[in-house]
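Notes to accompany the following structure.
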Amino acid sequence: MAPSSKLNLISHSAVVAHRKISRGAMDRTRVVALQPPRVFLAKQMSLFQPRLAFVLIGVMLLSTLSPSVQAAQTQEVECQVGTSASCPALSAQEIYNLYGTTTDGTYYLKISGSATQVYLKMDRTNTANGGWILMMKAPRTSTSFYYDSTYFTSNTTSTGSALTNDTTSDGKSSAYNSVPLTGAIVAFSNPAVGSVTNDGDIASNGFGGWVWYETFTAQSMYTRLTTTQNIYSTYATVRNSLYRNSSNTAVFSYQTGYGVYGFNHSTACNTHLFRWGIIWNNEAAEDGSCDDHIGIGLQNGVIQGDQPNWNGVTAASGQNTSNGYNGGLGPMAFQLWGKQADPAFGTPQTLTSTPSATQVNLSWAAPASGTVNEYVVQYKKNSTANWSGASTVRITSPTGSPTASISGLDQGTLYNFRVWARSTSDSSATPLTGNATTGVATISQVTLNTANPVYRSPSILSANVNAVGRATFFAQGKPIPGCKNILTTISLATCTWAPSQRTYVNIMVTYAPVSLPNQSSSSSMTIWVQGRTIGSKKR
């Protein structure tokens, strides 16, 4: 049978089949019209169910065969970590690790999921390596921080401003309530009588007063000061640096019978309580007749400081028991500082760099363990001595194959790179490092999308580049309309050209990278433009 006959036969069969189906459908409609509504619905469902089953099976197959979709990572705008609410640090030590920062001041930390401004002591000289958050402060006249104050007992309150390194006003930072700490310092200063030096547990310290320094397992300051811990429970065991100087001279008042030092002494001894302090007694036990106490969060009505309530104590250095404070130094100003654990998250692995003239593309692998929340990528010129002014970008919502594109770089320059990983609460202890040298921007290899351009017919000109820049295409020495000073991609310059002459035409392109507009290069070629074929329409 001839092919046309076969085609006609197939078409005829299809028409007949269509008519049969249509006729059957009409017959069914006539029958259905005579049936009760319930029967009609059942009939319609029976016709629909096979189609529904087919659709459901298709959806199931697609869901089985389609790979899971992972949201694309985001390369955030450059920022300096810790200096803005949009770019908070996870800890003070992270700021130091990134930039070597040793300047005290206000910074932003991510606390309970939100960027929070805090005051940090970053100076590492005589401060137990810096990285301290100012949690609380008060002048010696303050009555805000008694033992029962909600500023101690609540993990939702704050007051005043804890954003200045002074004791001129009350302040409690919200960092007190929830930041996990592994160290605490209380610094006493400005007593009502006498004076104190910058000593204590840290000699010649940078906290401006007499300091006590304790370390502990990670917990908030709220938890630490509301949980009882007796660190020393006898006079003999209370360490000298808490109340004596290096010459063994008493800086604070004391008694030699009994002493207890620690946190949250909640059982009153002759009404004496503290959140952090010492209680003394002349008897050999805490028998209800304690006569002296030093610290913060003392019982209601007694301001923080060195506060004996009997003149039978051993007076502080330079004082006597008739000084108006029974030989103590009286009310004192204080600052409370907390320190987070050093970063301990894993280091990213296997850094690969692909440089062009003004850009370096980086890729790497995740740390061996831990769930990564984001990455921090730093870069600087190799000629720059340190990382204090390094540029920083964050890679948020990273994929399993994280990348970063660092653009706007100088040509022919060696750059250093560091990649840090972050979890939701921790950052890498050490970074992944690498180097890359950028190339020199050039233009080369002018090409045409057709080997035989035709008079007044559009053709695409292109030239290879290796950095984003500006290019101009010329034909016979004149700029091609629409192709003057056009922006290139990082790898290509293109131009649409409709030849206006039937002859040999010299094509040239000039190019300069955006980063170095005075560094120009060019490339050229000569090509024959042929006339239109006979019968083609004139334009």
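What follows is calculated from the coordinates using simple rules that are stated; it is not laboratory data. What you see is a predicted model, and the numbers here were worked out from it, not measured in a lab. As a convention, Cβ positions derive from the backbone with ideal geometry for all residues, glycine included, and neighbour counts pool all protein chains shown.
Among the lysines of the chain, pairs that are 8 or more positions apart or on different chains and have alpha carbons within less than 24 Å of each other number 12.
Give the relative contact order (percent, whole number) for region 349-437; include only Cα pairs under 8 Å separated by 6+ residues.
On the way: 184 pairs, mean separation 32.2, N = 89.
So the answer I get is 36 percent.
Against the chain, whose longest principal axis is taken from its Cα atoms, helix 3-33 shows a tilt of about 60°. Using a cutoff of 8 angstrom between alpha carbon atoms and counting only pairs six or more residues apart, the relative contact order for region 92-339 works out to 20 percent. Net charge dipole, the chain: roughly 5260 debye, given to the nearest 20, about the Cα centre with Cβ charges of +1 for Lys and Arg and -1 for Asp and Glu. Here's the picture: charge each Lys and Arg Cβ at +1 and each Asp and Glu Cβ at -1 in the chain, and of 220, 175, 440 the one pushed furthest to the positive end of that dipole is 440. Computed over region 257-398, the quotient of the alpha carbon radius of gyration and 2.2 N^0.38 Å is 1.95. Dipole size of region 128-286 about its Cα centre, with +1 on Lys/Arg Cβ and -1 on Asp/Glu Cβ: approximately 140 debye, rounded to the nearest 20. Calculate I(q)/I(0) for region 405-539 by the Debye formula, one identical point scatterer on each C-alpha and no solvent, and give its log10 at q = 0.11 Å⁻¹ to two decimals. For region 405-539, the Cα-only Debye profile gives -0.53.
Net length available on complete extension from residue 405 to residue 300 is 31.8 nm, with 0.36 nm assigned per residue and the Cα-Cα distance removed. Between residue 115 and residue 396, the simple spin-label model (points 7 angstrom out along Cα→Cβ) gives 0.9 nm.
Tell me what the chain gives for mean residue ellipticity at 222 nm when only DSSP H runs of n ≥ 4 count, each as -39,500 (n - 2.57), the sum divided by the residue total, rounded to 500 deg cm²/dmol.
Working: 6 runs with 81 residues, N = 539.
Value at 222 nm, helices only, nearest 500: -5000 deg cm²/dmol.
Under a point-charge model restricted to the Cβ atoms of Lys and Arg (+1) and Asp and Glu (-1), what is the dipole moment magnitude of region 416-538 relative to its Cα centre, in debye to the nearest 20? Could you put the intermediate results ahead of the total?
Details: 10 positive and 1 negative charges, 133 e Å.
Dipole magnitude for region 416-538 comes out near 640 debye.
For the peptides 88-95, 412-419, the ranking by mean Cβ contacts within 10 Å, running from highest to lowest, is 88-95, 412-419.
Grab the beta carbon distance between residue 369 and residue 437, set R0 = 35 Å, and tell me the FRET efficiency rounded to 0.05.
Values: r = 33 Å, r/R0 = 0.94.
It comes out at approximately 0.60.
Between beta-carbons, use under 9 Å as the cut-off and find the net charge around residue 211, counting Lys and Arg +1, Asp and Glu -1. For residues surrounding residue 211, the net value is -2. When the chain is described by a simple charge dipole with +1 on each Lys and Arg Cβ and -1 on each Asp and Glu Cβ, the residue from 145, 315, 462 located farthest towards its positive end is 462.
Angle of helix 37-65 to the longest C-alpha principal axis of the chain, folded into 0 to 90 degrees and rounded to 10: 70°. Would you compute the Debye intensity of region 355-409 from its alpha-carbon atoms alone, equal scatterers and no solvent, and pass along log10 I(q)/I(0) at q = 0.13, 0.18, 0.24 Å⁻¹ to two decimals? For the requested q values the scattering log ratios are -0.39, -0.70, -1.04.
Of 495, 79, the sequence from fewest to most neighbouring Cβ atoms within 10 angstrom is 79, 495. For the chain, the extents of the C-alpha atoms along the principal axes are 127, 87, 37 Å, listed from largest to smallest. For the peptides 316-327, 290-301, residues were scored by their other Cβ atoms within 10 Å and the scores averaged per peptide; the highest-first order is 290-301, 316-327. Ranking 83, 202, 340 by Cα position along the charge dipole of the chain, where only Lys, Arg, Asp and Glu carry charges on their C-beta atoms, puts 83 farthest toward the positive end.
The distance between label points at residue 352 and residue 239 comes to 5.2 nm (points 7 Å beyond Cα on the Cα→Cβ vector).
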